[in-house]
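Structure first, commentary second.
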Amino acid sequence: MNILAPPRVRLTIEVVHDLVCPWCYLGLRRLLRTLRRRPDLTSDLSWRPFLLNPDMPRAGLSRADYIVRKFGGEERARRLYGSIAEIGHGEGMQFRFDRIRRTPSSVDAHRLVRWATRHGSGLELVEALFAAHFTDGRDIGDIDTLATIAAACGLDGGAVHAFLASDAEADIIHAENLRAHRLGINGVPCFVIGGRHAIAGAQEPEVIERLLDVALVDATEGF
């Protein structure tokens, strides 16, 4: 260890997201890429739920019904998803919207992220849920599917299933969604850095990095 090297600054980053939001998947990937190129800091990520579809039935909707309700028809959805897939390809991501047969409620997936975070696997699980939905087309509103994904991340699938079979912490997810709106967050992803600085959207790493620099100055003012 180089005792003359300056200490690494630790920043808190709240990731306000929805697990059925492709821009959130893309935004998280860009955030992580940005953090990897900043050896001068370490980060503590926390996961803040946001519900893009707060009135979604717990069982979800068929993809066809969802697209009609959300976009008015297939053509508009195809153009938007094609654009997202192209951007994702540039990030080494594979969006396969054609594999999605059901748009789920994300409440249970958000509950699972809270559970996994308490067991030290929040980031791993979030990435696995995004990939399961957007690349593999799996239904992340189904608790059997969620338990299987959790087990693949090294968590206790049986304990996860028992937790999700209850309504534990569902009220917290809705309260957190309401909190985000009250803070003026109306779209995701949104990253809140150091509790003071926020950036919305799946921004390029250069844009994220500029905000990190501002937060870094704040964090080191007392040094």
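Cysteine residues of the chain whose Cβ has no partner cysteine Cβ closer than 4.7 Å: Cys153, Cys190.
Among the trypsin sites (Lys or Arg not before Pro) found in region 1-93, those both in a DSSP coil and sparsely packed, with 12 or fewer other Cβ atoms within 10 Å of their Cβ, are Arg8, Arg37, Arg58. Per residue of the chain, the DSSP helices (runs of n ≥ 4 H) give a summed -39500 (n - 2.57) that works out to -16000 deg cm²/dmol at 222 nm. Net charge around His174, counting only other residues with Cβ within less than 15 Å of its Cβ (Lys, Arg = +1; Asp, Glu = -1)? Once all neighbours under 15 Å are counted, the net charge is -1.
Rule-based calculations on the coordinates, nothing more; no lab input. In this text the structure is predicted, and so the values were computed from the model without any measurement. We place every Cβ from the backbone using ideal geometry, glycine too, and count neighbours over all the protein chains shown.
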